[in-house]
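Read through the structure below, which is laid out as structure tokens, and then see the notes.
Just so it is clear, none of the values below were taken in a lab; they were calculated from the coordinates. None of these values were measured; they are calculated from a predicted model. Using ideal geometry, Cβ is built from the backbone for each residue, glycine included, and neighbour counts are taken over all protein chains shown.
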Amino acid sequence: MRERLLAEAREVLAEEGWEDFELLSTDRALQGAPAIADAAVLTHLVPPGPVPEASAAILEDVSSKRLVAFGGGRVIDSAKAIAAVRGGEVAALPTTLSGAEMTGIHRLPAGHEGASGVRPSLVLADPEAMTSLPEPELRATAMNALAHAADSLYTPIADELSRRSALSGAELIARALDAEPAERDRSELALGALLSGHAIDSAGLAMHHVLSQTVVRTCDTPHAETNAAILPVVMEEMGARAPEQIEALARALSAEPDAIRPRIEELAGGRRRLGELGAERECVDRVLEAAMARPELEHMTPGHVRREDLARVIEEAW
């Protein structure tokens with residue numbers, strides 16, 4: 001990770017042996033770095049929508065086994081999805097704090113099967129590019145990153161290294177967001193997201209991600225903002241289920257354990273509500289049914305999780 005890396009991306013890619021590649025990106029990302037498209041054999045614009053549909057829409061147009069993903073989590077996950085069914089490798093140039101560049105966690109293109117678990121083999125992390133969103137959107141994507149750190153603390157496969165990465169990432173994210181935007185250390189914020197992504201890649205996901213992912217897929221709400229709405233409530237819920245880990249997270253965020261919910265809402269830029277993100281009440285039952293069927297809920301979340309527990313979290317986040 002280094003500053004102004006995006007401006008040198010073409011040269012750095014070539015130095016790393018990435019001279020013949022196809023590029024996956026968006027119009028927004030390319031406006032800031034058109035030279036990357038010039039270096040690509042072909043450029044594919046990833047359409048809006050869930051990763052299975054977005055990646056399936058361009059799958060047949062992609063022929064290279066070397067894919068460079070320049071964009072946010074949807075773009076990077078789409079590249080990983082295509083590489084999973086076609087074979088090949090991915091280099092990532094992230095433009096948000098999604099953490100997708102650090103994980104082998106992704107879905108597959110709709111209608112296709114393959115071995116998921118493709119992790120980018122090269123990551124070019126430019127702090128300015130990763131923190132370039134307007135302040136409300138930036139804080140939302142930062143809550144997505146913080147959720148990676150939080151959810152990975154208490155899974156049964158978490159270890160000392162993953163917990164250390166998670167807590168270090170959480171501390172950096174909080175410290176950066178506490179600063180005024182003009183004085184913010186963007187490198188701290190970006191590094192916090194990278195460490196948090198590394199943590200969840202090692203420790204796996206639990207209740208928060210089960211709920212957030214299911215709400216996004218079922219209610220068609222925006223990904224980062226959904227994380228920002230649900231995270232404070234889940235962390236309050238986890239205080240009784242994993243008190244030691246939540247106490248450690250609260251310390252990393254410079255908060256008392258019983259104040260972790262308002263502290264996360266503060267970092268998010270205020271309370272976010274699912275009902276304000278376009279979610280309809282009629283989708284809640286489908287969310288609960290789908291979430292209860294996710295194996296991560298039972299196997300990765302401390303304590304027995306009941307449907308009414310999830311319903312309470314959704315109601316509190318509404």
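Overview of values
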item: Estimated FRET transfer efficiency (Ala7, Ala293; beta-carbon r; R0 41 Å; 0.05); result: 0.35
item: Prolate/oblate/rounded call for the stretch 133-317, Cα gyration tensor, a/c under 1.5 rounded; result: oblate
item: Given charges at Cβ of Lys, Arg, Asp, Glu: the stretch 6-129 dipole, positive-most of Val12, Leu97, Ser116; result: Ser116
item: Candidates Val90, Val123, Val215: whichever shows maximal mean-square fluctuation once the chain is modelled as a Gaussian network with Cα springs under 10 Å; result: Val123
item: The chain: relative contact order as a whole-number percent, Cα under 8 Å and 6+ apart; result: 14 percent
item: Rounded Å value of the spacing that divides the Cα centres of the stretch 4-73 and the stretch 82-156; result: 14 Å
item: Other-chain or far-sequence residues with amide H under 5 Å of Thr43's (modelled H); result: Leu23
item: Cα centre as origin, Lys/Arg/Asp/Glu Cβ charges: the stretch 57-152 dipole, Debye; result: 260 debye
item: Karplus-derived HN-Hα couplings along the stretch 221-228 (A = 6.51, B = -1.76, C = 1.60, θ = phi - 60°), whole Hz, x at Gly and Pro; result: 9, x, 5, 5, 5, 5, 4, 5
item: Cα centre as origin, Lys/Arg/Asp/Glu Cβ charges: the stretch 133-317 dipole, Debye; result: 180 debye
item: Helix-only CD estimate at 222 nm, as mean residue ellipticity for the chain, using -39500 (n - 2.57) per DSSP H run (n ≥ 4); result: -16500 deg cm²/dmol
item: Total formal charge among the other residues, if their Cβ is under 14 angstrom from that of Ala179, Lys/Arg +1 and Asp/Glu -1; result: -4
item: Check: the chain dipole with +1 on Lys, Arg Cβ and -1 on Asp, Glu Cβ, in debye; result: 380 debye
item: Pairwise FRET efficiency - Leu45 versus Glu308, Cβ, R0 = 30 Å, nearest 0.05; result: 0.10
item: Paramagnetic reach from Glu276 (point 7 Å along Cα→Cβ, amide N under 17 Å) across the stretch 206-228; result: 221-228
item: From the C-alpha gyration tensor of the stretch 19-70, square roots of 5λ in Å; result: 18, 15, 7
item: Charge context of Pro232, other residues only, Cβ under 15 angstrom, K/R +1, D/E -1; result: -4
item: In nm, spacing of pseudo-spin labels at Ser121 and Glu60 (7 Å Cα→C-beta vector); result: 2.8 nm
